[in-house]
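Structure record follows, encoded as structure tokens.
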Amino acid sequence: MLEIKKADAGTQDRYLVNFDTENLPYEFFDLVIIGSGIAGVYTALSAPRNARILIITKEAIEVNNSVLAQGGIAVSLDQNDSPSLHFKDTLFAGAGLCDENAVKALVNEATENIATLCLYGVNFDRDEGNRLSLTREAAHSMNRIIHTGDATGKEVCDTLVGAVSTLNNVTIREQTFAIDILTENGECKGVLTSNEEGTELKAYYAPVLVCASGGYGQLYSKTTNPEVATGDGAALALRAGAELMDLEFVQFHPTVLFHPDNQNFLISEAVRGEGAVLRNNKGERFMEKYHPMKELAPRDVVSRAIFQEMQKTGSNHVFLDIAHKDKEFLRQRFPTIYNKCLSYGIDIAKDFIPVAPCQHYSMGGIRTDEWGRTRILGFYAVGEAACNGIHGANRLASNSLLEGLVFGRRIGRQVQENLDEIKIREGFKPRIRFVKEWVERDIDYLSMKKKLQGIMTLNVGIIRNEESLSEAMEIISGLKSEIEGVKVVHTHHMELINMLTLASLVVKAAILRQESRGAHYRTDYPATDDQNWLKNLVFQAGG
Ligand code: SIN
């Protein structure tokens, strides 16, 4: 029987900065949401219109990971498809670690949430019969990905941000950095924030706080994630006493453009779904040697196969070949990819596209139940920031935007059901004070961040082992001790602390998991060990 294993995340300062709520500017809300991606905005739209809601985001509202999602959203709409087939595929990709109850919620509530998106006016591609067009992505047994060309995330985000911006009950504050959750007696009271420079602190008090701040792709130097994905949500949750789960499972997307001037532009899996094949640097197809599903095998399998092929042939990339498709079809179906590649002199209707795997998604995050609740009363997490068990050890393609919708709405509905009680709790100002003696010293956080990203990419990537992980841990510990106790002077410094906190736990989890499973592959433990090893690995600060 596999069990959840609890591990100590070590001692954390409870807060990153000194403050006293007596002296802070503040505002009251019923619900505060950290993050402006699909999960955050849809949670706000799903909450009642008489709830006073604040969305904060550390950059501009349109800067997030959801906007960059190309492929689409998985939903079982084909007449031969069903939520139970979607459930089966999700569990198969998740390699034994999915939470079945959470996955059931995901697949069963997909259709109604997509219908809501259509009502908001999201313009998904449709066939001649005006039905939503369905394509295939890796490890799906059916065509079930709805899309808007190859810019699905942008279309959904633009529409939802447009809708939320018209609501009188929702306030949006950009360039607002969430430093820490304010808690009193183990209950969430709101969030401590600062401006971009870290010079002006402000408290937002609310009985309900939702973390939808995305993942931690920026731990890696090569990632499809935007600069903002520094894992702040998971780190602040940990400091406040929440649990983090499945951190060792980092997804590497198999096909990211490999060009001297750009190595983080995604070439959607949907391109393989439409028939693209992978070729090594001799022009030979190779996926049939690795998996019967070939190019549409689970994402972790394809990434490892490419990695091995690159090693065998001494190359730093392979090729994606969709040149057999009609040029007009490619321009219509994949306009973003077509034009981006063309800007680098690659005509995808004629040329092979050089690609290599790179970091893409964090399966791990803040542990929640299937209602988005964490172990801190009033604190919820959703989207990539959360880990509710739907992805297990390897996320099934196009389940991530869906997760933000299904669980965002579940949180919004709970706010609706409990609004009377939330309104009673709203308006109470807690007295919280944190004082620590800090050392004042300049730190070069940019070069420290680069060093961290370099070692994570090199040693904690697609393939790991005891030696690479121990070396990474040593370097991360060194970086941590360089900034230990140093007074925080800028939000980039706060991000660095958050990144180092998470990186050390990703590595610790990867060391503790002495087997290979899903996206976690260890050359010293290449087999999956269902008999003797652990299920999910859960961290909590201070034991
Ligand atoms: C892609 O378009 O390949 C990415 C889709 C996803 O990450 O689910």
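What follows is calculated from the coordinates using simple rules that are stated; it is not laboratory data. Quantities reported herein were computed from a predicted structural model and do not represent experimental measurements. Backbone-built Cβ (ideal geometry, glycine too); neighbour counts: all protein chains shown.
Within the chain, DSSP assigns beta bridges of which about 60% are antiparallel (rounded to the nearest 5).
Restricting the calculation to alpha carbons of the range 82-139 gives Rg and Dmax of 13.6, 40 angstrom. Of the GluC sites (Glu not before Pro) in the range 190-242, the ones in a loop by DSSP (not H, G, I, E or B) with at most 13 other beta carbons within 10 Å are Glu197, Glu200, Glu227. The alpha carbon centroids of the range 310-359 and the range 405-421 are separated by 42 Å.
Semi-axes, largest first, in whole Å: what does sqrt of 5 times each Cα gyration tensor eigenvalue give for the range 143-195?
On the way: eigenvalues 212, 51, 29 Å².
Value: 33, 16, 12 Å, ordered largest first.
Pick out, in residue order, every one of the trypsin sites (Lys or Arg not before Pro) in the range 432-483 that is DSSP loop and has at most 14 other C-beta atoms within 10 Å; say none if there are none.
Lys436, Arg441
Once every Cα of the range 479-534 carries one equal point scatterer and solvent is ignored, give the base-10 log of I(q)/I(0) from the Debye formula at q = 0.14, 0.24, 0.27 Å⁻¹, two decimals. The Debye formula, applied to the Cα set alone, gives -0.53, -0.89, -1.04.
Which one, Leu244, Asn23, Cys118, projects farthest toward the positive side of the charge dipole computed for the chain from Cβ point charges (K/R +1, D/E -1)? Farthest towards the positive end: Cys118.
Between Ser141 and Tyr344, 0.36 nm times their residue separation minus their Cα-Cα distance comes to what? Mind showing how you got there, number by number?
Details: separation 203, 0.36 × 203 = 73.08 nm, distance 3.41 nm.
Separation in residues times 0.36 nm, less the Cα-Cα distance, equals 69.7 nm.
Against the empirical curve 2.2 N^0.38 Å, the C-alpha radius of gyration of the range 328-428 lands at a ratio of 1.62. Computed over the range 267-401, the alpha-carbon pair-distance distribution with 10 angstrom bins reads 11, 34, 29, 17, 8, 1, each value a whole percent.
Compared with the dominant principal axis of the Cα atoms in the chain, helix 110-120 is inclined by about 80°. Computed from the Kirkwood radius of its Cα pairs, the Stokes-Einstein diffusion coefficient for the range 27-132 at 37 °C and 0.692 mPa s stands at 201 µm²/s.
Each pair of Cα atoms in the range 300-352 enters the Kirkwood radius, and Stokes-Einstein at 10 °C and 1.306 mPa s then converts it into a translational diffusion coefficient of 128 µm²/s. Sorted from longest to shortest, the spans of the Cα atoms of the range 119-165 along the three principal axes equal 38, 25, 15 Å.
Can you compute the helix-only [θ] at 222 nm over the chain? Use -39500 (n - 2.57) per DSSP H run of at least 4 residues, normalise by all residues, nearest 500 deg cm²/dmol. Don't skip to the end; give the middle numbers.
Values: 15 runs with 179 residues, N = 543.
Rounded to the nearest 500, the figure is -10000 deg cm²/dmol.
If we count every other residue with Cβ under 12 angstrom of Val161's Cβ, Lys/Arg +1 and Asp/Glu -1, where does the sum land? Walk me through the numbers on the way to the answer.
Details: positive: Lys154; negative: Glu62, Glu155, Asp158, Glu174.
With Lys, Arg at +1 and Asp, Glu at -1, the net is -3.
Between Asp530 and Gln311, the FRET efficiency from the beta-carbon distance, with R0 = 41 Å, is close to 0.90. Toward the positive end of the charge dipole of the chain, with +1 on the Cβ of Lys and Arg and -1 on the Cβ of Asp and Glu, the farthest Cα among Leu377, Asn168, Leu266 is that of Leu266. Farthest toward the positive end of the dipole of the range 343-433, out of Val406, Tyr361, Pro430, is the Cα of Pro430, where the dipole comes from beta carbon charges about the Cα centre. Summarised in one figure, the compactness ratio Rg/Rh of the chain, Cα atoms and Kirkwood Rh, is 0.95.
Taking the Kirkwood radius as Rh and the Cα radius of gyration as Rg, the range 227-327 has a ratio of Rg/Rh equal to 1.09. A crude spin-label estimate for the pair Glu200 and Asn50, with each label 7 Å from Cα along the Cβ direction, gives 3.4 nm.
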